[in-house]
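Nothing in this text is a laboratory measurement; each read-out follows from the coordinates by a stated rule. Just so it is clear, the structure is predicted and the values come from calculations on it, not from any experiment. Every residue, glycine among them, receives a Cβ derived from its backbone with ideal geometry; neighbour counts consider all protein chains shown.
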Amino acid sequence: MGEYHYLCCKSCRISLNLGKKLGREHSRLVVQGVYSDKHRTWLNDGRAWFIIQAFMQQHQGHELMFVSDTEFPQIQLYDYVEGDGFLV
Ligand SMILES: [Zn+2]
């Protein structure tokens, strides 16, 4: 288990899983990235930014939120979009 974080569109009830927060140097916290079913790992390079941009553009003008499943349990009822779908 653990606390997972999501970028989600409340208007469309769609979520993009960004994983757990990880501690980095100077205790800066970062999310794992975007999970790739294709590569079976978290993408945290330029591909993650590309996927996040695509998600934001697809939902431009909608009610976007960055939440964790602890603070927003309704996220479990949202559809899950796979990041790989945004990569050509
Ligand atoms: Zn939307």
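Annotations for the structure displayed:
- Springs between Cα atoms under 10 Å define the GNM used for the chain, and in it the highest mean-square fluctuation of Ser36, Ser27, Ser15 occurs at Ser27.
- Amide H to amide H, with H built 1.01 Å from N, Val31 comes under 5 Å of Leu22, counting only residues 5 or more places away or on other chains.
- When the square roots of the Cα gyration tensor eigenvalues are ordered a ≥ b ≥ c, the ratio a/c for region 5-86 is 1.5 or more and a/b does not exceed b/c, which makes its shape oblate.
- Scanning residues 5 or more positions from Leu18 or on other chains, those with amide H under 5 Å from its amide H are His5, Tyr6, Leu7, with H placed 1.01 Å from N in the peptide plane.
- Sequence-distant aspartates and glutamates (8 or more away, or on other chains) whose Cα lies within less than 12 Å of Lys20: Glu3, Asp69
- Whole-Å distance, taken between Cα centres, linking region 10-34 and region 35-73: 8 Å
- Around Leu77: net Lys/Arg minus Asp/Glu count, Cβ-Cβ under 13 Å: 0
- Charges were assigned to the Cβ only: +1 to each Lys and Arg, -1 to each Asp and Glu. The resulting dipole of the chain about its Cα centre is roughly 160 debye.
- Relative contact order of region 5-86, defined on C-alpha pairs under 8 angstrom at six or more residues apart (%): 40 percent
- Mean separation of Cα contacts under 8 Å (6+ apart) over length of region 1-51, as relative contact order %: 23 percent
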